[in-house]
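All remarks here apply to the structure that follows.
The numbers here are math on the coordinates, done by the rules we state, and not lab data. What you are looking at is a predicted structure, and each value in this text was computed from that prediction instead of being measured. When we count neighbours, we look across all protein chains shown, and the Cβ atoms used for this are built from the backbone with ideal geometry, even at glycine.
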Amino acid sequence: MPFRRLGRKVASLKIIISSCDFCLQFFTHTLATNNVFEDFGESVTKDDVIGCSLDLDSNPAKLSFSKNGNSFGAGFEIPQEDLGGRALFPHVS
């Protein structure tokens, strides 16, 4: 079964990934966080390879996505002070 959603999130009790702060995800040319959805990147089809990279050395931290090696750029930028030292964990669903 292909992935439906890919991204990062802070440890949380919330199950619905797109409904919380710092639950950051990409799916089928859409970004989602905190119940806000926006167009981003390109459509994804079977056999595409999707990349997700997190740059925690920059401020703001940047979460970027790619398809088949072609970068879509930063989908999310998070000020380091907003993270407050919390870890971001990968998620695929």
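Each Lys or Arg adds one and each Asp or Glu takes one away; over the other residues whose Cβ falls under 9 Å from the Cβ of Ala74, this sums to -1.
Taking other residues whose beta carbon is less than 14 angstrom from the beta carbon of Asn59, and scoring Lys, Arg as +1 and Asp, Glu as -1, yields -4. Annotation: amide H-H contacts under 5 Å for Phe76 (H modelled 1.01 Å from N, sequence separation of 5 or more, or interchain): Leu63.
Working note: Karplus 6.51/-1.76/1.60 with θ = phi - 60° gives the stretch 25-40 the couplings 8, 10, 7, 6, 6, 9, 9, 9, 7, 6, 6, 10, 10, 8, 5, 6 Hz, where Gly and Pro are set to x.
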